[in-house]
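Some notes on the structure that comes next.
The values are calculated or read from the model by the stated rules, or taken from the named source; none is laboratory data. Computed from a predicted model, the values in this text were never measured in an experiment. All Cβ positions, even for glycine, are placed from backbone atoms using ideal geometry, and neighbour counts span all protein chains on display. Side chains are part of the model used for accessible areas, which takes the heavy atoms of the whole protein and leaves out ligands, DNA and RNA. Shrake-Rupley method; radii C 1.70, N 1.55, O 1.52, S 1.80 Å.
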Amino acid sequence: MSMPTPTTVRLATRSDASDLARLRYALRAGAASTAEDRTAFLARCERWMAARLGGAGAWRCWLAERDGGIVGAIWLQVIEKIPNPLGEGERHGYLTSFFVDERARGRGVGSALLAALLDAPETQRLDAIVLWPTERSRSLYARYGFAATDAVLPRRPAAGPARAASA
């Protein structure tokens with residue numbers, strides 16, 4: 001009987017950008033029809049990710065590896081708050097682009113990624129972490145202490161989102 005392959009979770013680096021761009025495409029293209037050619041998107045996304053990984057900027061990404069490949073990722077953007085004299089944390093976190101490859105689902109990969117993000121020292125200093133869950137992901141977030149609230153009021157432009165330049 002073979003042993004289950006362990007999942008390794010680590011911080012992503014610039015060299016992971018190509019694989020992470022493919023995961024991002026799988027996450028978003030699986031939700032609706034795309035408005036951008038796959039090859040063009042992957043090139044643009046890889047450049048964006050490489051520019052943000054491994055530095056001291058606002059973005060962090062943890063990835064899960066299994067059987068020699070990346071099978072999942074979770075991103076966190078740290079958002080500064082205006083200084084506050086009340087002793088509250090002065091940064092929020094925005095959790096986004098949390099994805100596990102279909103073939104690795106149900107094996108604890110998502111839990112391992114979320115735990116790594118929540119256990120990270122920089123995450124411990126955040127005032128709050130916000131996200132937009134799917135129906136399917138709500139139970140996972142609830143197990144880790146996330147709760148629904150009416151505190152966030154999103155506004156979307158009537159004309160729809162402006163598409164980023166592909167520079």
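Scan the range 30-41 for residues that are surrounded by 12 or more Cβ atoms within 10 Å (Cβ to Cβ) and in a helix (DSSP H, G or I) and jot them down. Matches in the range 30-41: Phe41 only.
Restricting attention to the range 97-106, does a residue exist that is surrounded by 15 or more Cβ atoms within 10 Å (Cβ to Cβ), more than 13 Å from the chain's Cα centre (by Cα) and assigned to a helix (DSSP H, G or I)? Yes, that holds for at least one residue.
Residue-wise test of (1) more than 22 Å from Thr134 (Cβ to Cβ); (2) open to solvent by 70 Å² or more (accessible area, probe 1.4 Å); (3) in a loop (DSSP other than H, G, I, E, B).
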{"position": "Ser18", "(1), (2), (3)": "yes, no, no"}
{"position": "Arg22", "(1), (2), (3)": "no, yes, no"}
{"position": "Tyr25", "(1), (2), (3)": "no, no, no"}
{"position": "Arg28", "(1), (2), (3)": "no, yes, no"}
{"position": "Ala43", "(1), (2), (3)": "yes, no, no"}
{"position": "Gly54", "(1), (2), (3)": "yes, no, yes"}
{"position": "Gly57", "(1), (2), (3)": "yes, no, yes"}
{"position": "Ala73", "(1), (2), (3)": "no, no, no"}
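Here is the figure for the range 1-16: residues that are out of contact with any helix residue (DSSP H, G or I) (no Cβ under 8 Å at 6 or more places or on another chain), modelled with pLDDT of 95 or more and assigned to a loop (DSSP other than H, G, I, E, B) total 1. Taking each residue of the range 122-144 that is closer than 20 Å to Arg107 by Cβ and looking for partners that are open to solvent by 40 Å² or more (accessible area, probe 1.4 Å) with beta-carbon atoms closer than 6 Å, six or more apart or interchain, yields Tyr141/Pro133.
Checked against the criterion of being of a type in the set (A, V, I, L, M, F, W, C) and modelled with pLDDT under 95, the candidates Ala50, Ala29 yield just one match: Ala29.
Cβ-Cβ distances below 8 Å connect the following pairs, each with a first residue in the range 67-82 that is over 18 Å from Gly55 (Cα atoms), a second residue that is among the β-branched types (Val, Ile, Thr) and buried (at least 17 other Cβ atoms within 10 Å of the Cβ), and a separation of six or more residues or different chains: Val71/Thr7; Val71/Val100; Val71/Val109; Gly72/Val100; Gly72/Val109.
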